[in-house]
Amino acid sequence: MEILPLQGYGVTHYLVFSEGGIDLIDSGFLAGVERVRQALAAKGCSLGDIGHLYLTHGHLDHTLNATRFRELSGCKVHAPLTDRAHLEGRHRAHGWSRGAAGLEWLGRRAFRYQPVTVDHWFEPGEILGGYEVIGLPGHTVGHCGFYLRSEQAFFCGDAFCNHLGRPALPPRIFNDDHEEAKVSVLAAAALDCRAVYPNHTGRQSPEENLADLRRLAERIQPSDLMSHEG
């Protein structure tokens, strides 16, 4: 198996090559389609070889190109059921997240976002082509990660970010529930992993990303969890 990071404008998405075919984890943001096309061409493949697109959540920087990939490749699209409103542009934000919702509203119009036709709406605990769906709510209601148990590899979506050398939660304006996002970091860090693949990071190795995730989990205080439970 080979996992190929595709780093774009502020967000990374992933191509996964295995005996079962080629999968895409999230659709990327600006120039995402061309980035995937070039990566596939370098391996003697084409967009038509993509079998499945798995979406971690409904934010625009993860879904902008989903419809285009489906049209160009005929791939099956899988998305979290509880983020359906996000993907369809019906999400109603509250609190801090209203700021990000306003930016998404503008972005969807500026980039002529087309909601993707989803072939399968999944829920946490499902097994999809070898990936176990791990619920990581907080960033969005349906935010999730994909765990490849055979590889001890985890695609953790936006559970955390690291662009400045210090792992952190996404800024509050990007989280539907910032406190719940902390609980999800602990759940992600508890998985039996050798490698972690986040969507917002620099050029750290998967092993360094795992260390970052665990460092962030260690900084979350019990009082944070008690306040969330209360």
Counting only strands (runs of 3 or more DSSP E) wholly inside region 1-57, the ones holding at least 2 residues that are aromatic (Phe, Trp, Tyr) are 12-18
Complete set of residues in region 178-196 that are assigned to a helix (DSSP H, G or I) and free of Cβ contacts under 8 Å to residues at least 60 places away in the same chain | Glu179, Glu180, Ala181, Lys182, Val183, Ser184, Val185, Leu186, Ala187, Ala188, Ala189
Name the single residue, out of those in region 119-133 being of a type in the set (A, V, I, L, M, F, W, C) and out of contact with any helix residue (DSSP H, G or I) (no Cβ under 7 Å at 6 or more places or on another chain), that is surrounded by the fewest Cβ atoms within 10 Å (Cβ to Cβ).
-> Ile127
The residue from Gly44, Gly8 that alone is at pLDDT below 95 and of a type outside the set (S, T, N, Q) is Gly8
Right, Gly145: under 24 Å from Gly51 (Cβ atoms), in contact (Cβ under 8 Å) with a residue 12 or more places away in the chain and among the small types (Gly, Ala, Ser) or not?
-> yes
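Conditions (1) farther than 20 Å from Arg35 by Cα; (2) surrounded by fewer than 17 Cβ atoms within 10 Å (Cβ to Cβ); (3) among the polar types (S, T, N, Q); (4) free of Cβ contacts under 8 Å to residues at least 60 places away in the same chain, marked per residue:
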position: Tyr54; (1), (2), (3), (4): no, no, no, no
position: His59; (1), (2), (3), (4): no, no, no, no
position: Arg68; (1), (2), (3), (4): no, yes, no, yes
position: His78; (1), (2), (3), (4): yes, no, no, yes
position: Thr140; (1), (2), (3), (4): yes, no, yes, no
Among Leu4, Leu64, which is the only one that is surrounded by 24 or more Cβ atoms within 10 Å (Cβ to Cβ) and either out of contact with any Pro (no Cβ under 6 Å at 6 or more places or on another chain) or among the polar types (S, T, N, Q) (or both)?
-> Leu64
Quick one: which helices (runs of 4 or more DSSP H) sit completely within region 59-154 and have at least 1 residues that are of a type in the set (A, V, I, L, M) and out of contact with any Leu (no Cβ under 9 Å at 6 or more places or on another chain)?
-> 84-87, 98-110
So is Arg194 touching a Phe, Trp or Tyr at 6+ places or on another chain (Cβ under 7 Å) and not aliphatic (A, V, I, L, M) or not?
-> no
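The values are calculated or read from the model by the stated rules, or taken from the named source; none is laboratory data. Because the structure is a prediction, the values reported are computed rather than measured. Backbone-built Cβ (ideal geometry, glycine too); neighbour counts: all protein chains shown.
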